[in-house]
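Pasting in a structure now, in structure tokens, and then I'll have a few things to ask.
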Amino acid sequence: MKYLNVAEKNDAAKNIALHLSRGTSKRREGLSQYNKIYEFEAEVMGQKCQMVMTSVSGHLLALEFASSYKSWQSCNPLTLFDAPVIKYCPENYEKIKKTLEKEVRSCQGLIIWTDCDREGENIGFEIIEVCSAVKSNLRIFRAKFSEITSVSVRRALQNLEQPNRNISNAVDVRQELDLRIGAAFTRFQTLRLQKVFPSKLADSLISYGSCQFPTLGFVVERYRAVNNFVAETFWKIKVNHTINNLSVDFAWDRIRLFDQEACQVLHDICIENPLAKVVNVRTKPKSKWRPLPLDTVELEKLASRKLKINAKETMRLAEKLYTQGFISYPRTETNEFPKEMNLRQLVEHHTGDPNWGRFAQGILDDGGATPRQGNKSDKAHPPIHPTKYTNSLSGNEQRLYEFIVRSFLACCSKDAQGQETTVSIDVANETFSASGLMIIARNYLEVYPYDKWSSKEIHVYENGQTFNPTSIDLVEGNTSPPNLLTEADLIALMEKHGIGTDATHAEHIETIKNCSYVALADAVHFVPSLLGMGLVEGYDAMGLNMARPHLRAQLEADLKAISEGTKQPDIVLAEQFFLVLKCPKCGSGMTLRQKKNNADELFISCLSYPSCKNAVWLPNVVKSLQVQDRTCPICGPNYNIVKFEWRNNSISHLYPPPYDGCIGGCDPAFLDILQINPSSVKPSNSNQNISNNNRPIVENRTNNIRPQAQRQTTIGNMPTRNNTGNRQTGQIAPTVNGSRVQNTAQTRLPAPRIVGDSEDNNVLCSCNKPAIQLTVRKQNANFGKKFYKCATMRENGGCDFFLWAPESENTVQNQFETPPDSGRGSAPPSAGTSNSSRGWGIAPTFSRTDYTPNEDNVMCNCGVPARRVTVQKEGPNKGRPFYGCPKNFSSRCNFFQWADSGTNVEWNNSSTGNSRGRGRGRGGGGGSRGGAVGAGDTVVMVGAGAELDGAESAASAGRRGTRGPDAQIINKIHKGPMDCRKQ
DNA sequence: GCAAGGTC
């Protein structure tokens with residue numbers, strides 16, 4: 001018995017032969033200089049056999065269009081969607097093919113040793129196809145292995161299986177779709193854009209691919225996020241405690257506020273009462289986790305980040321290490337080691353190394369390898385790990401090998417252990433925290449220098465202890481935009497959305513660089529070019545989300561279904577093309593589209609738009625439409641059956657949903673009900689046949705013609721429907737000083753909701769229950785004012801919600817109650833005049849008495865030194881200094897003066913400044929003038945300031961203002977000052 | 001002159 005064994009590449013064939021023959025294989029030349037032939041003897045199914053082992057070089061066959069479609073000028077790119085395609089052997093692979101044909105003649109069996117992944121299975125069938133053509137009655141087997149080690153390949157030979165046609169079919173489908181869609185769009189957009197921009201793009205190839213475009217899309221999307229980012233100013237309080245040169249910063253539990261006044265007030269209170277009291281000291285163990293077993297994507301990302309070797313180069317090096325037998329198969333999605341793997345032995349290989357040998361021995365002495373386990377498995381390959389020890393490598397090959405070894409040892413080791421102490425202090429009812437870290441055992445960090453973890457010293461504090469802080473500072477900062485994408489970020493996004501394979505991520509990134517769609521801004525961060533940006537925006541504007549990842553993700557899901565045998569390849573091919581019918585006016589395809597600004601409005605339009613403006617508008621009753629894999633028996637092959645779902649039941653009695661119907665005109669009543677003009681779906685002369693301009697042309701080059709073009713199923717549902725503009729990376733947390741921080745919204749309490757007309761008591765407190773309205777009865781400046789509070793008493797679990805009612809509600813004094821937090825007999829909060837507090841908002845409960853003179857000696861209308869402030873709001877006056885009353889919100893006078901001009905301006909809260917902006921920073925700006933200043937506004941309305949128009953009444957503006965989460969912060973802040981107010 | 005996937 002003689003077997004022909006065929007591997008996917010020469011290196012694999014060489015090493016498999018080496019292992020199976022225990023080093024006795026004989027090498028001879030084949031027709032291809034790169035693909036040698038190895039001969040040896042081995043036992044197959046208990047029988048000693050002659051083995052001939054050779055290889056291909058990846059795919060042996062390629063797909064291309066029939067010759068009449070090859071020239072760009074020969075056809076409309078649209079015809080490529082159903083032009084005949086041919087599998088053929090490229091010229092530079094002919095020698096490999098001939099070697100197979102020659103060698104198999106003397107064999108009775110064929111064993112496929114291609115890589116055990118989807119593509120490998122398909123390459124296996126290419127080999128089978130070529131070999132079977134010259135030798136029928138071959139016994140065909142598939143060897144399944146996940147690494148080229150002696151154990152693994154021997155086990156594979158003893159457990160031969162059958163090749164899996166389903167897996168191979170999935171690859172055939174992918175190839176055909178990639179070719180048709182890629183070629184059609186590349187030709188179309190290149191020819192079109194060269195014509196429109198002859199001076200700029202005459203020599204550019206403007207390619208389209210189902211992987212490269214979403215990759216470009218990620219870059220564009222992040223670029224937009226950075227560009228559209230509007231920084232917000234925030235303020236926070238920082239407490240420092242320095243003794244003996246050890247400086248400990250305590251961070252504010254509120255983190256930060258977007259309202260300077262509020263923050264300033266709290267800071268003032270802390271300054272007035274600065275004694276810090278330790279309220280909590282917690283010590284708990286903290287660990288830093290060792291890395292997970294390495295999969296391909298992690299390898300690429302970490303090599304890019306830590307070794308500065310880009311993904312493409314990393315994979316080239318890894319491939320080389322793999323074929324030399326130093327590491328396991330580098331393309332794996334698995335990050336957990338199979339239980340049966342002998343990790344101990346793998347660790348033992350490294351005990352002699354001068355750098356990590358001692359650590360490896362330590363793992364063994366300590367009870368052996370206990371790897372962290374991930375949660376991904378491709379069921380084909382284990383995580384990337386060293387399979388053999390070597391110290392003979394150099395350069396990046398050595399660095400990558402070392403990284404893989406160290407990762408493996410680290411993962412088999414133990415987490416680093418530490419002890420974290422967190423201290424909370426109270427300063428004037430504000431809480432601040434600091435933490436220290438003591439590292440107890442570095443464990444994996446000893447062998448894994450790519451991670452950093454350092455101790456942080458802190459003073460020894462005890463519960464109840466008090467101390468005077470060294471400083472209490474008001475710190476101003478700005479939120480910062482997300483960073484542009486690095487290669488590692490981009491790969492992570494590609495993986496997350498299933499764009500490309502582990503093996504091709506790096507290549508798609510290269511492609512969009514080579515096409516000049518993107519460039520590296522600073523050698524690290526990607527930015528789109530004008531062309532790249534234009535392409536994405538152009539398709540977006542047409543309502544075709546070509547640069548969005550979901551198309552590819554959907555295909556990947558379908559390919560998986562084909563591999564598993566749960567979906568027919570032809571169905572997937574049909575569904576991926578989203579043509580609904582052939583245009584009766586011009587013969588192009590017609591696609592289902594959604595209206596740009598309304599995903600619910602569907603229409604079917606001609607791909608030749610704008611030269612052909614034929615369109616079928618669908619009424620609102622059509623909820624969804626899915627093109628089926630069969631054509632209408634009456635209207636013919638240009639009309640597919642369409643599955644309809646209705647938005648309401650108005651026509652369900654006539655056409656019960658889901659209704660499989662045809663819009664070709666075979667059911668005139670159906671067209672009538674859908675208000676479809678028959679002339680838009682069928683030729684005016686019904687005898688006219690427009691279907692034959694794309695009939696298949698069968699060309700026989702290698703007897704491998706697949707009859708794709710015979711299919712009548714070139715349509716499917718529009719894949720953009722369920723993904724209407726959802727940005728994949730749109731939710732990016734703002735960063736503070738370069739480090740990512742929690743989304744501000746998450747740090748806030750739920751916003752109170754105003755549910756209806758303010759005449760009713762419809763304010764919800766922080767418990768989300770209707771608040772009760774009360775009126776101030778204490779004889780002070782706020783006498784008679786109405787306010788809302790939680791209906792439940794504090795001691796019964798009520799919240800500390802407090803809100804002044806709008807002024808209009810204060811005209812009738814029908815209740816006299818004590819406002820919240822008045823248990824100690826204090827009055828409701830106010831230190832000023834009631835008429836300056838209008839609309840919704842808070843009235844602070846304290847006053848500043850220590851007004852400091854300003855350098856210009858400007859006094860406000862109250863006769864105290866005015867405070868110099870800078871305009872923060874986006875607008876023509878941003879950055880301009882001005883003077884305002886230094887008093888608090890409710891007691892402040894209307895004084896305003898630019899600090900750089902000396903011109904006094906009469907402050908007018910009802911002016912009609914168009915103050916659109918983010919509206920935080922300076923309390924909303926409901927009364928800004930010329931968009932410049934919101935600082936002098938006496939009404940504190942935060943959160944919704946961005947939406948406010950100065951012409952709105954303060955009351956209505958305030959009502960909206962309370963919707964914002966900032967209102968809640970203000971409400972929360974309110975509690976502190978009230979406890980220590982001066983009456 | 002087109003894609004993406006193999007590999008060289």
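Each row is one residue, and each column tells you yes or no for (1) among the polar types (S, T, N, Q); (2) over 30 Å from A:ARG192 (Cα atoms); (3) modelled with pLDDT of 90 or more.
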position	(1), (2), (3)
A:ILE472	no, yes, yes
A:GLU476	no, yes, yes
A:MET494	no, no, yes
A:THR501	yes, yes, no
A:TYR517	no, no, yes
A:LEU520	no, no, no
A:VAL527	no, no, yes
A:ALA541	no, no, no
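Filter the range A:17-49 down to residues that are β-branched (Val, Ile, Thr) and in contact (Cβ under 8 Å) with a residue 60 or more places away in the chain and give me whichever is nearest to DNA strand B (Cβ to nearest atom).
A:ILE37
Can you confirm whether the range A:287-306 contains a residue that is over 30 Å from A:ASP117 (Cβ atoms) and touching a strand residue (DSSP E or B) at 6+ places or on another chain (Cβ under 9 Å)?
Initially, the range A:287-306 is screened for residues over 30 Å from A:ASP117 (Cβ atoms), giving A:287-288.
After this cut, where a residue has to be touching a strand residue (DSSP E or B) at 6+ places or on another chain (Cβ under 9 Å) as well, the list is A:287-288.
The answer is yes; a qualifying residue exists.
When you scan the range A:280-290, do you find a residue that is away from DNA strand B (no atom under 16 Å from the Cβ), crowded, with 22+ Cβ neighbours inside 10 Å and touching a residue at least 60 places away in the same chain (Cβ under 8 Å), even just one?
To start, the set of residues in the range A:280-290 that are away from DNA strand B (no atom under 16 Å from the Cβ) comprises A:280-290.
Filter once more, keeping what is crowded, with 22+ Cβ neighbours inside 10 Å: A:290.
Applying the additional criterion that residues be touching a residue at least 60 places away in the same chain (Cβ under 8 Å) yields A:290.
Yes; the residues of the range A:280-290 include at least one that is away from DNA strand B (no atom under 16 Å from the Cβ), crowded, with 22+ Cβ neighbours inside 10 Å and touching a residue at least 60 places away in the same chain (Cβ under 8 Å).
While we're on this one: In the list A:ARG406, A:ARG331, A:ARG372, which residue meets the criterion of being within 28 Å of the chain's Cα centre (by Cα), crowded, with 18+ Cβ neighbours inside 10 Å and more than 26 Å from A:VAL153 (Cβ to Cβ)?
Testing whether each residue is within 28 Å of the chain's Cα centre (by Cα), crowded, with 18+ Cβ neighbours inside 10 Å and more than 26 Å from A:VAL153 (Cβ to Cβ) leaves just A:ARG372.
Which pairs have Cβ atoms under 6 Å, sit 6 or more apart or on different chains, and link a residue in the range A:50-78 that is in contact (Cβ under 8 Å) with a residue 12 or more places away in the chain to one that is of a type in the set (Asp, Glu) and near DNA strand B (Cβ under 10 Å from one of its atoms)?
From residues that are in contact (Cβ under 8 Å) with a residue 12 or more places away in the chain, the pairs are A:LEU60/A:GLU126; A:LEU61/A:GLU126.
Determine which single condition A:THR190 fails, assuming it passes every other condition in (1) within 13 Å of DNA strand B (Cβ to nearest atom); (2) touching an Asp or Glu at 6+ places or on another chain (Cβ under 6 Å).
So A:THR190 meets the others, but not (2).
May I ask you to list pairs of residues, at least six apart or on different chains, whose Cβ atoms are under 7 Å apart, with the first in the range A:175-202 being part of a helix (DSSP H, G or I) and the second being among the β-branched types (Val, Ile, Thr) and within 7 Å of DNA strand B (Cβ to nearest atom)?
Nothing qualifies.
While we're looking at this one, here's another question. Just to verify a result, which residue in the range A:291-328, among those that are under 25 Å from the mean Cα position of the chain (by Cα) and assigned to a loop (DSSP other than H, G, I, E, B), is farthest from A:GLU147 (Cα to Cα)?
A:LYS308
Related question: For A:VAL56, state whether it is within 12 Å of DNA strand B (Cβ to nearest atom) and among the aliphatic types (A, V, I, L, M).
yes
Quick check on my filter: what residues within the range A:312-337 are more than 13 Å from DNA strand B (Cβ to nearest atom) and small (Gly, Ala, Ser)?
First pass over the range A:312-337, keeping only residues more than 13 Å from DNA strand B (Cβ to nearest atom): A:313-314, A:325-328, A:334-337.
Hits for the range A:312-337 are A:GLY325, A:SER328.
Can you tell me which residues in the range A:193-205 are buried (at least 16 other Cβ atoms within 10 Å of the Cβ) and within 8 Å of DNA strand B (Cβ to nearest atom)?
Once the filter is applied, which keeps residues that are buried (at least 16 other Cβ atoms within 10 Å of the Cβ) and within 8 Å of DNA strand B (Cβ to nearest atom), the range A:193-205 yields only A:GLN194.
Separate question: Can you tell me which residue in the range A:463-504 is farthest from DNA strand B (Cβ to nearest atom), limited to those that are polar (S, T, N, Q) and assigned to a loop (DSSP other than H, G, I, E, B)?
Restricting to residues being polar (S, T, N, Q) and assigned to a loop (DSSP other than H, G, I, E, B), the top hit is A:ASN468.
Of all residues in the range A:207-221 being of a type outside the set (Phe, Trp, Tyr) and in a helix (DSSP H, G or I), which is farthest from DNA strand B (Cβ to nearest atom)?
Out of the qualifying residues, it is A:GLU221.
Based on this model, can you work out whether A:PRO84 counts as of a type outside the set (A, V, I, L, M, F, W, C), touching a Pro at 6+ places or on another chain (Cβ under 9 Å) and within 13 Å of DNA strand B (Cβ to nearest atom)? Give the derivation first.
Details: of a type outside the set (A, V, I, L, M, F, W, C): yes; touching a Pro at 6+ places or on another chain (Cβ under 9 Å): yes; within 13 Å of DNA strand B (Cβ to nearest atom): yes.
Considered against the rule, which asks whether it is of a type outside the set (A, V, I, L, M, F, W, C), touching a Pro at 6+ places or on another chain (Cβ under 9 Å) and within 13 Å of DNA strand B (Cβ to nearest atom), A:PRO84 comes out as yes.
Moving to a separate point now. Only residues that are surrounded by fewer than 17 Cβ atoms within 10 Å (Cβ to Cβ), of a type in the set (Gly, Ala, Ser) and within 30 Å of A:ALA521 (Cβ to Cβ): list them for the range A:216-273, please.
Once the filter is applied, which keeps residues that are surrounded by fewer than 17 Cβ atoms within 10 Å (Cβ to Cβ), of a type in the set (Gly, Ala, Ser) and within 30 Å of A:ALA521 (Cβ to Cβ), the range A:216-273 yields only A:ALA231.
Something else: With respect to A:GLN175, determine if the residue is near DNA strand B (Cβ under 9 Å from one of its atoms), closer than 30 Å to A:LEU484 by Cβ and surrounded by fewer than 19 Cβ atoms within 10 Å (Cβ to Cβ).
no
Given the conditions (1) among the aliphatic types (A, V, I, L, M); (2) near DNA strand B (Cβ under 8 Å from one of its atoms); (3) assigned to a helix (DSSP H, G or I); (4) under 30 Å from the mean Cα position of the chain (by Cα), which single one is not true for A:ILE167?
(2)
I've got another one for you. Please report, ordered by residue number, the strands (runs of 3 or more DSSP E) entirely within the range A:4-106 with at least 1 residues that are over 47 Å from the mean Cα position of the chain (by Cα) and surrounded by fewer than 22 Cβ atoms within 10 Å (Cβ to Cβ).
A:26-28, A:37-44, A:47-55
Among the numbered criteria (1) touching a Phe, Trp or Tyr at 6+ places or on another chain (Cβ under 9 Å); (2) at pLDDT below 95; (3) more than 16 Å from DNA strand B (Cβ to nearest atom); (4) not basic (Lys, Arg), which one does A:ASN228 miss?
Failed condition: (1).
The values are calculated or read from the model by the stated rules, or taken from the named source; none is laboratory data. Not measured: the values here are computed from a predicted model. Virtual Cβ from ideal backbone geometry, glycine too; neighbours counted across all protein chains shown.
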